[in-house]
Amino acid sequence: MEELTPTGGDDARERAVASSTRAFVVGPYLARGDDNPRTSAARLEEAAGLARAIDLDVVEEIVAPLSELRPATYLGKGKVEEIAVRAKEAEVGLVTMDCALSPVQQRNLEKAFGAKVIDRTGLILEIFGRRARTREGALQVELAHLAYQKSRLVRSWTHLERQRGGFGFLGGPGESQIETDRRLISERIVRLTRELEDVKRTRALHRKPRRDAPFPVVALVGYTNAGKSTLFNALTGASALARDMLFATLDPTLRRMRLPHGGTIILSDTVGFVSDLPTMLVSAFRATLEEVTAADVILHVRDMAHADGAAQADDVRKILAELGIGENDPRMVEVWNKADLLDGEAAARLAERAASLADEGGGAVLVSAATGAGLDALRARIERRLAVGRVTLDVEVAATDGAGRPWLHENAEVLAVGAPDDSGARRFTVRVAPEAAERVKKRFGA
């Protein structure tokens, strides 16, 4: 049986094992009747990118057009035999299938290929297991992995078919090993769910001071490798991992950032999305993604130089919809990234389109996180979007009110500070959420 805990371990050792594993990437795509808007070549390229994200040695990428899905092997008999011969000649140890396989299909393909077989869900889980760094991330990945593993227990290694007697809590008389494995997994899932609930409560407690504080939260979302972390670093001066690699970021990162008029926000970088993201992962990472649902502004970062950028954006919108964030959510601003990779004419057309969307009341800003182009316009757009629904007040702080200025900085966005008048008093222009306005007025008699 496969290891039940995917997290932890020696990263260097895992990379060494993966890099010495020769792998095929197979894209079994229906020739018709498939509502996926991407081309087979683009889907296969992404699948190979997922395999390389855990350092596998991809020796061949194979498109396998399908006229129909076969219940036993997913692929047709002829294609199974062809891949089996090629896998043996290439001494392949792993075949990744860019689809969702049933446990029976996975087992039958392993027998036919003489190699380990992993489907898209299993591959994404492996990547997430490698990337998780925080305790919460590790718990979430393990929970998703166990839910996936539980469905795989029809797999038939010898010890899974053996009947054995019971030994105390390990199982009653006559319980088969597969039943024991399933029960142990179920018990572990219950424990992990409890631990994640504790983490969720802790996150909620941490989020409450941020909600009560004057600093709005701006969340970055987008397809994996759209450039979110590069943008995060460019806006905040941070050094979050930013690489040309799928799922470079898994655990959320938070940093403070100053806006043009002096206001402070908290910018949150989140896990990237991908097409056909396993439902169990969306569910497991719901606590982390609550950072997005609670944000004041949501920046949807798009790779405008990618051939399938429109399809990627649709995938992101679908996942956001699962979180209760609709396409027309007023908090949403699209960030059209990687303008530096576009030719001049295409960049000009996009800039014109972004400007027209802004005139229509929509939100789109063309930027290059790599070169910094358009970032000032993005900061200004964030500031304008935050101003919607918030209250701007002018308050006077007397020279004798030594605690007034720090109180304002702690409880409001300070937009401007006037020169002292003859009495030494200063006028502050501040912005607050409507529910905090009365507290400010009461404090300063405004």
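Here are the numbers for this structure:
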read-out	value
Matching option when the condition is loosely packed, with under 15 Cβ neighbours inside 10 Å and within 26 Å of the chain's Cα centre (by Cα), among 103, 37, 71	37
Residue ranges of strands (runs of 3 or more DSSP E) in segment 311-407 with at least 2 members surrounded by 14 or more Cβ atoms within 10 Å (Cβ to Cβ), within 29 Å of the chain's Cα centre (by Cα) and among the hydrophobic types (A, V, I, L, M, F, W, C)	332-337, 364-366
Every residue from segment 59-109 that is under 17 Å from residue 40 (Cα atoms) and part of a loop (DSSP other than H, G, I, E, B)	64, 65, 67, 68, 69, 75, 98, 99, 100
Segment 127-162: number of residues that are among the aliphatic types (A, V, I, L, M), at pLDDT below 80 and within 25 Å of residue 110 (Cβ to Cβ)	3
Count of residues meeting criterion [surrounded by 14 or more Cβ atoms within 10 Å (Cβ to Cβ) and in a helix (DSSP H, G or I)] in segment 410-438	3
Test: residue 64 is of a type in the set (Gly, Ala, Ser), crowded, with 16+ Cβ neighbours inside 10 Å and within 23 Å of the chain's Cα centre (by Cα)	no
Residue match in segment 113-122 (condition: among the aliphatic types (A, V, I, L, M) and assigned to a helix (DSSP H, G or I))	no
Members of segment 295-310 found to be surrounded by fewer than 14 Cβ atoms within 10 Å (Cβ to Cβ) and over 15 Å from residue 364 (Cα atoms), listed by number	307
Residue list for segment 278-293, filter: at pLDDT below 80 and part of a helix (DSSP H, G or I)	279, 280, 281, 282, 283, 284, 286, 287, 288, 289, 290, 291
Subset of segment 91-126 that is modelled with pLDDT of 90 or more and charged (D, E, K, R) - its residue that is nearest to residue 13 (Cα to Cα)	116
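Table: residues versus (1) among the small types (Gly, Ala, Ser); (2) at pLDDT below 85.
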residue	(1), (2)
276	no, yes
295	yes, no
306	no, no
312	no, no
320	no, no
328	no, no
334	no, no
343	no, no
351	yes, no
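The values are calculated or read from the model by the stated rules, or taken from the named source; none is laboratory data. Quantities reported herein were computed from a predicted structural model and do not represent experimental measurements. Every residue, glycine among them, receives a Cβ derived from its backbone with ideal geometry; neighbour counts consider all protein chains shown.
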